[in-house]
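First up is the structure itself, then whatever we jot down about it.
No lab work stands behind these numbers, since they all come straight from the coordinates. No experiment lies behind these values; they were computed from the predicted model shown. In this analysis, Cβ positions are derived from the backbone assuming ideal geometry, glycine residues included, and neighbour counts consider all displayed protein chains.
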Amino acid sequence: MPNSLLKTSAVMNTYSRFPLTLVKGKGSFVWDDKGEKYLDFTSGIAVCNLGHVPDAVYGKVQDQLQSLWHCSNLYHIPAQEKLAELLIQNSFGGQVFFCNSGAEANEALIKLARKHGAEKGGSNKIATFKQSFHGRTLATLSATGQEKIQAGFSALTNDFIYLEFNSEEALQQLKELDTSAVLLELVQGEGGVVPADQEWVNKLAEICSEKEMLLMIDEVQTGMGRTGTLFAFQQYGIKPDAVSLAKGLGSGFPIGAIIASTEAAKVLGPGTHGSTFGGNPLSATAGLATLEYMVQNNAAEAAQNLGNYLLEKLAELKSKHIQIKDVRGKGLLLGLVMDTEAGPLVNRLREEEKVLALTAGPNVLRILPPLTASKEECDQFIKSLGNILAEA
């Protein structure tokens with residue numbers, strides 16, 4: 001039976017899937033099971049940062065497939081060790097722990113913060129921010145500052161205190177709270193593509209330093225060049241104690257990681273944390289090939305330049321279409337704030353223009369091109385979006 005005709009109740013109904021079956025991808029484009037070609041400005045939700053099936057990663061993975069797919073972390077894994085070295089060389093030093101996803105990476109940060117607090121003899125509370133998103137495991141949805149994500153899963157872990165994002169009042173509260181760490185996104189992705197204010201981040205980092213709280217940055221979506229630097233924290237001129245990574249790290253192969261300062265990493269000794277699949281030969285090879293390409297080809301800088309170009313074009317659209325209320329974001333993590341729900345716009349782009357985009361909350365269109373996209377592909381996206389807005 002052709003894929004397009006398959007209907008099954010065997011897969012749990014946890015996703016509101018689009019009526020589309022993708023079977024092939026290359027660069028900025030994907031094809032469905034009917035042979036239709038789509039411009040993909042979702043990048044698999046910020047995963048395929050080098051585009052679909054990038055040659056630089058494909059070749060290395062093919063080689064690894066011929067030798068060893070998996071061994072446990074009871075043994076040394078060369079690709080994992082090389083990837084860890086490259087990550088710390090291009091971040092802030094320290095050490096790396098590997099896992100399989102963004103949620104697992106944030107779970108590792110949460111455990112790191114709790115252990116840090118326990119060893120200090122203080123609180124195990126962690127401050128996070130409203131409208132944040134940190135994952136869907138029980139601990140990470142507890143960390144997420146959105147009631148709609150948490151609904152139906154009580155009782156949540158009570159380790160988290162939710163503060164207002166970009167709020168001076170939140171900084172005053174943080175000074176008075178007994179917390180072991182702060183966990184934040186520097187651009188709230190699921191929360192509407194909202195960047196943190198520079199001055200606010202500076203003050204936040206100062207408070208963390210003064211109170212000896214861990215400053216932990218969730219870079220699951222913002223990392224790996226997405227915002228115009230390899231990591232978003234590098235744009236803010238701060239040095240975190242730990243960051244979480246996933247999504248774009250493996251070009252589609254499941255891999256997550258945390259990078260922690262040498263001092264912070266000390267609290268997680270043998271037996272305190274682990275992962276069966278984390279950083280196995282196959283995923284680590286994909287991650288290493290991805291990062292090597294990004295570093296050697298200045299992929300983050302290219303993303304910044306292309307992001308500036310796309311922002312200009314989106315601003316021009318805004319001047320022509322009253323439906324667009326705001327344009328915001330960093331690099332190639334961009335959001336259009338609409339005056340109505342963005343879901344119908346996503347559907348019309350897909351159905352009428354063969355262009356894939358996403359939402360970020362009810363009224364924000366989220367735009368996530370590959371870092372390797374061309375200006376011509378951005379122009380195609382702008383033309384398609386303009387066509388839909390003009391008809392509306």
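In table form, for the structure just shown:
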| read-out | value |
| --- | --- |
| Cβ-based net charge around Leu268, under 9 Å, with every Lys or Arg adding one and every Asp or Glu removing one | +3 |
| Filter on Lys37/Lys247; Lys60/Lys203; Lys148/Lys383; Lys148/Lys266; Lys148/Lys175 - keep pairs with C-alpha separation over 32 Å | Lys60/Lys203; Lys148/Lys383; Lys148/Lys266 |
| Most to least packed among 370-378, 207-215 [average Cβ atoms within 10 Å] | 370-378, 207-215 |
| Under 5 Å, built H, 5+ apart or other chain: amide partners of Leu186 | Asp218 |
| Distance histogram in 5 Å bins (all Cα pairs of the range 287-392, percent per bin) | 2, 12, 23, 24, 18, 10, 6, 4, 1, 0 |
| Lys325 long-range amide H proximity, modeled H, under 5 Å | Val337, Met338, Asp339 |
| Approximate shape of the chain as ellipsoid semi-axes (Cα gyration tensor, √5λ), whole Å, largest first | 33, 26, 20 |
| Sum of side-chain charges, Phe160 neighbourhood, beta-carbon under 12 Å (Lys, Arg +1; Asp, Glu -1) | +2 |
| For peptides 217-227, 288-298, sequence by mean Cβ density within 10 Å, most packed first | 217-227, 288-298 |
| Gaussian network model of the chain, Cα within-10 Å springs - most flexible of Asn124, Asn202, Asn305 | Asn202 |
